[in-house]
Amino acid sequence: MASAYVPGLKVAERTQVRKVRRLPIPGDVLVHQGQTVSPDGVVARANLPGNPQTLNVAHAIGVDPGSVPAVMQKKVGDTVAAGDLLAFTRGMFGFGKRELKSPVAGTIELISTVTGQVTLREPPIPIEVSAYISGRVDEVLANEGAVIETVGAMIQGIFGVGGERRGEIAIAASAPDEVLEPPALTPALAGKVVVGGALVTGAALRRAAEVGVAAIVVGGVVDTDLIAYIGKDLGVAITGQEPVPFSLILTEGFGAIPMADRTWRLLGRLQGRMASVNGATQIRAGVMRPEVIVAEAGATAAGATGEEAGATLDIGTVIRLIREPFFGHLAEVVELPPELTEIETEAHVRVLRAKLRGDGRVLTVPRANVEILES
Amino acid sequence: MSEPRSIIATDCGSTTTKAILIEEQDGAYRLICRGEAPTTVEAPYEDVTAGVRNAVREIEELTGRRFLGDEGLMTPRNGDQGTDIYLSTSSAGGGLQMMVAGVVKSMTAESAQRAALGAGAIVMDVIAIDDGRKPYERIERVRSLRPDMILLSGGIDGGTITHVAQIAELIAAAEPKPRLGLGFRLPIIFAGNIAARDHVQEILGAKADLRIVDNLRPVLERENLGPARHEIHNLFMEHVMAQAPGYDRLMRWAGAPIMPTPGAVGLGIENVAKQYGTTVVGVDIGGATTDVFSVFQGVFNRTVSANLGMSYSMRNVLLEAGVANITRWIPFAVPQADLRNRISNKMIRPTSVPALLEDLIIEQALAREALRLAFEHHKTLAVGLKGTHEEKDIGALFNQVSTGQTLIDLMALGMIVGSGGVLSHAPRRSQAALMMLDAFQPEGITELTVDSIFMMPQLGVLSTIHPRAAAEVFDKDCLIRLGTAIAPVGRVPAGQPLCTIRVDGREETLAVGAIRKVPLADGTTARVEIAPPRGVDVGKGPGVPVSAEVKGGVVGLILDGRGRRPLGLPENPADRVKKLMEWNTAMDCYPAAAMSALDTRQRVEVRA
């Protein structure tokens, strides 16, 4: 393949952001094209069919399934309140009188003469989709939702947990290689999107929950601390639904890995601004990475750079090594040999040569094992 | 149609689209070249044909010929341009995701599961009256999943309809929604008791896109999975593919229906069993899932372990196998936290490759466990029909707990076909051979092979319209013969050899717990005379001699003297490391210099 390396994640100070906000089932769209929306504004609304209750009337009343319609006091389509009489039989000569009352309010949907069951549908459950970011409705998706567009800063992480949150960005570390420990998490950080350095410790995660932060954005976390935080082990990287007190976004990966300078500097410049964050990650079909979005108030798309971490590898490109050895280190590309090269494992792969930041050593690295940081 | 001379086939995988060019040369079909490109189902492209074009463009560059026109693949071939047939398989966008339901879990529901798996689906859940869940729990489950379709079975023809009606009512109450196409009705295939059809139609007809086919279990003693599988493939084309971005165009380009990738691989494995007249276990270990296929007693089975894989699902392998089962295959010490972080980082950066030998060894340890777990799963579903010992009404069998015997007979297993990056692209073929021996633990005489570049999907779909082309390319260009393994099973008194084996008249003594590799080149065969002592079986019973002709391969003839199943790896870490090093050395798995250069501080000290 022409591009074996991993394109970097988006880290942009001013870019056009489009978010598709969609209902899980068809419903009503409440906004129109061009309308300005706030993050909490409702974009679309639908009614999920209510929970069904299946009642075995034949068994409860003591009749054959075929006789259920005869004992039913309600018919298909009738609405009932909790406690309403659903079915009744006098029994033989008045003995063995039985009745069945509705356990919930709802509508009779099915009376089955085969199974003797009655399906009672509870009232619909309303669901809403918010705009999530402030911006403008760029497109209305009929019966489904809308596409919200804005201009602002966008930072994608590599992995996260927890769903959508909002808060003001607050920097809680003094350097990108600093470890975020409990003392840094003061009560003043309640409701904030807290930025740490290379690692958040397990104790700091517990402290952050006590303080009530909205989210933590940090370089890395130790695997076992993450498991303790979400309360279960993770099998595959499909997240976002965890019932956690705050969302956690890792910009680099597992272990202590200093946050990339560019990400760190950008978050620093955004300190004090309101951010929409989402820890949801899906690394399979429909790739989704966690994100921090800071929309510019009243901005238009004009002048947005659309800047993304460089998409091509060239001499001079700054890269991060994403695999052992030197995992997490930064380097600069010095050579891009076109031919397949044998590496220590004896595999023949496309490689690049890069000068390690710090000691200046030149390494040969599989192109699949680098992430582009900046051109 | 006249005999095609040029065929292009693609497999649109979840991450990569692979194209192969097959042409007739001197009366035989051969693989000419291949090309690949990232799959383009997701944003920003959202058009699968862009990836297909890019993959075919690589073939154009390699051959210097044109295959692509403005309207897609140019068919038929015209001089040096275009191709006679274009075919494709697809697992992009999550593949085919199904839910199945039946009355009795171990009977009609299990048959429905086999039908769905055989058609190439991932089975998200199996609903049955006796699945141990309460009705509301089943309804909640059906509501929370968004499958591409549901296969509903239940009851033998003419039997009671109450239970199947109950399941249909449950599905109707849940009002399930399809994964793709907001507002579309979910396809439901009913393949149960013909006497229940009217009732099922009444319950589900207005709520779903209901299709009715022949009962997949018309009598207890027989499965009839063909009609249900056929309908699954139809719906896959009509509903799933039609909703996926760009597939309408791809379907117009293709000269035959697009098959789900695992369905096509399954067809390929069935063809292997027929072509070589043997029993087969095939495995495809991918980044997200591991599929296992088998043909025993003429019965084809497929299972998919949806969350056992070498990148996206690597963490789940660790979770299901446990740390101790992974590290038992690693001949050096790895701190648990380090192992976990490494695996998690691979999961979130799935395209990275091992650059260090120790990383390669760790990945291959995980592969052994992913393969082992997937095979264990397969054994539980590749079973004879349950509940067939006597004629009973289905209702009377409701609480039956008797289990069918697994069809997987390791002693009768003739061939293992391995595919997927970790096996097909292992730097040394002997690594693939040892991974498969450790994971599957074949017994007796078994040929080991790998799919060279994973073209089984394309050859599977090709076999539906041109079986000869598929068979010829499979034999000459797809299959890499690693060699034959001879694994005697049993125990002998301490100090005695496990077995003596004469290879073309030359006597080899196999010690208990040892592995030996005897050179036997690819394309050659050898006559082996195996004389097992009393209590040791090589296929014909304990102590019974076996004479056979065995095929060579790029690894050679492997004499596996580990004798007892399961493999008894020493508990003591130092002894275990010593044993692993012995096996690796005997198989010449890793470069000796690099092994010795592994950080000695990390190694467990081996007692002298």
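Checking each residue in the range B:45-73 for being more than 20 Å from B:L31 (Cβ to Cβ) and open to solvent by less than 60 Å² (accessible area, probe 1.4 Å) picks out B:D47, B:V48, B:T49, B:A50, B:G51, B:R53, B:G69, B:G72. Return the residues of the range A:320-370 that are under 18 Å from A:D177 (Cβ atoms), part of a strand (DSSP E or B) and either touching a residue at least 40 places away in the same chain (Cβ under 8 Å) or under 33 Å from the mean Cα position of the chain (by Cα) (or both); say none if nothing qualifies. Within the range A:320-370, A:R320, A:L321, A:L330, A:A331 meet the criteria.
Yes or no, residue by residue, for (1) at pLDDT below 90; (2) more than 10 Å from chain B (Cβ to nearest Cβ):
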residue: A:G231; (1), (2): no, yes
residue: A:E242; (1), (2): no, yes
residue: A:T251; (1), (2): no, yes
residue: A:D261; (1), (2): yes, yes
residue: A:W264; (1), (2): no, yes
residue: A:L267; (1), (2): no, yes
residue: A:R273; (1), (2): no, yes
residue: A:V287; (1), (2): yes, no
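Restricting B:L62, B:L117, B:L73 to residues that are touching a residue at least 60 places away in the same chain (Cβ under 8 Å) and either farther than 29 Å from B:L180 by Cβ or assigned by TED's automatic domain parsing to the domain that holds B:A50 (or both) narrows the list to B:L73.
Please specify each residue of the range B:514-553 satisfying the condition of being in a loop (DSSP other than H, G, I, E, B) and either outside the structural domain of B:V450 (by TED's automatic domain parsing) or basic (K, R) (or both). Hits for the range B:514-553 are B:R534, B:K540.
The selection criterion, being in the same structural domain as A:Q282 (by TED's automatic domain parsing), part of a strand (DSSP E or B) and either open to solvent by 10 Å² or more (accessible area, probe 1.4 Å) or under 13 Å from A:M259 (Cβ atoms) (or both), does not hold for A:I227.
For the range B:205-221, residues that are within 11 Å of chain A (Cβ to nearest Cβ) and open to solvent by less than 10 Å² (accessible area, probe 1.4 Å) total 0.
Looking for whichever is assigned to a strand (DSSP E or B), touching a residue at least 24 places away in the same chain (Cβ under 8 Å) and surrounded by 19 or more Cβ atoms within 10 Å (Cβ to Cβ) here; the options are A:V68, A:V17, A:V114. Which one fits? Of A:V68, A:V17, A:V114, the one residue that is assigned to a strand (DSSP E or B), touching a residue at least 24 places away in the same chain (Cβ under 8 Å) and surrounded by 19 or more Cβ atoms within 10 Å (Cβ to Cβ) is A:V17.
Of these, B:I453, B:I480, B:I465, which one is assigned by TED's automatic domain parsing to the domain that holds B:G563, part of a strand (DSSP E or B) and not charged (D, E, K, R)? Step by step, each of B:I453, B:I480, B:I465 is checked, and only B:I480 is assigned by TED's automatic domain parsing to the domain that holds B:G563, part of a strand (DSSP E or B) and not charged (D, E, K, R).
Under 7 Å between Cβ atoms, at least 6 apart or on separate chains: pull out the pairs that start in the range B:315-338 with a residue that is at the interface with chain A (Cβ under 9 Å from one of its Cβ atoms) and end on any residue that is aliphatic (A, V, I, L, M) and surrounded by fewer than 17 Cβ atoms within 10 Å (Cβ to Cβ). That search, which allows pairs on different chains as well, returns B:Q336/B:V323. Scanning the range B:350-376 for residues that are facing chain A (nearest Cβ under 9 Å) and either open to solvent by 10 Å² or more (accessible area, probe 1.4 Å) or hydroxyl-bearing (S, T, Y) (or both) returns B:P350, B:T351, B:S352, B:V353, B:P354, B:A355, B:L356, B:E358, B:L360. Tallying residues that are closer than 17 Å to A:N278 by Cα and either open to solvent by less than 20 Å² (accessible area, probe 1.4 Å) or in a loop (DSSP other than H, G, I, E, B) (or both) within the range A:187-204 yields 5. Among the candidates A:V147, A:V179, A:V137, the residue that is more than 21 Å from A:G272 (Cα to Cα), assigned by TED's automatic domain parsing to the domain that holds A:W264 and among the aliphatic types (A, V, I, L, M) is uniquely A:V179. When restricted to residues that are surrounded by fewer than 18 Cβ atoms within 10 Å (Cβ to Cβ) and within 23 Å of B:P519 (Cα to Cα), the range B:587-601 contains 4.
Before we move on, is B:E369 out of contact with any helix residue (DSSP H, G or I) (no Cβ under 6 Å at 6 or more places or on another chain), within 29 Å of A:A228 (Cβ to Cβ) and touching a residue at least 24 places away in the same chain (Cβ under 8 Å)? The answer is no for B:E369. Only residues that are closer than 30 Å to A:S38 by Cβ and of a type in the set (S, T, Y): list them for the range A:161-218, please. Within the range A:161-218, A:T186 is the sole residue that qualifies. Within the range A:311-324, the set of residues being closer than 15 Å to A:F254 by Cα and open to solvent by less than 50 Å² (accessible area, probe 1.4 Å) comprises A:R320, A:L321, A:I322, A:R323.
The residues on offer are A:V63, A:V29, A:V114, A:V104, and the sole one that is under 30 Å from A:L141 (Cα atoms) and not assigned by TED's automatic domain parsing to the domain that holds A:R273 is A:V29. The single residue among A:V193, A:V218 that is under 21 Å from B:K346 (Cβ atoms), away from chain B (no Cβ under 14 Å), touching a residue at least 12 places away in the same chain (Cβ under 8 Å) and in contact with a Gly (Cβ under 6 Å, 6 or more places away or on another chain) turns out to be A:V218.
Applying the criterion of being of a type in the set (G, A, S) and under 18 Å from B:G505 (Cβ atoms) to the residues of the range B:528-575, the residue that is surrounded by the fewest Cβ atoms within 10 Å (Cβ to Cβ) is B:S547.
Yes/no matrix, rows are residues, columns are (1) among the basic types (K, R); (2) under 14 Å from the mean Cα position of the chain (by Cα); (3) not in a loop (DSSP other than H, G, I, E, B):
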residue: A:G220; (1), (2), (3): no, no, yes
residue: A:E242; (1), (2), (3): no, yes, no
residue: A:W264; (1), (2), (3): no, no, yes
residue: A:V292; (1), (2), (3): no, yes, yes
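Here the range A:38-55 is the region considered, the condition is being assigned to a strand (DSSP E or B), more than 8 Å from chain B (Cβ to nearest Cβ) and open to solvent by 40 Å² or more (accessible area, probe 1.4 Å), and the residue that is farthest from B:V142 (Cα to Cα) is A:V42.
Scanning for something modelled with pLDDT under 95 and more than 30 Å from A:S130 (Cβ to Cβ), does the range A:25-39 turn up at least one residue? Within the range A:25-39, none of the residues are modelled with pLDDT under 95 and more than 30 Å from A:S130 (Cβ to Cβ). Of the helices (runs of 4 or more DSSP H) entirely within the range B:102-187, those holding at least 1 residues that are more than 13 Å from chain A (Cβ to nearest Cβ) and at pLDDT 90 or above occupy B:108-118. Checked against (1) aliphatic (A, V, I, L, M); (2) open to solvent by 30 Å² or more (accessible area, probe 1.4 Å); (3) over 17 Å from B:R249 (Cα atoms), B:M98 passes all but a single condition, namely (2).
The values are calculated or read from the model by the stated rules, or taken from the named source; none is laboratory data. Source: prediction; values computed, not measured. Positions of Cβ are generated from backbone atoms using ideal geometry, with glycine treated the same way; all protein chains shown enter the neighbour counts. What goes into the accessible areas is simple: the full protein's heavy atoms, side chains included, and nothing from ligands, DNA or RNA. Shrake-Rupley method; radii C 1.70, N 1.55, O 1.52, S 1.80 Å.
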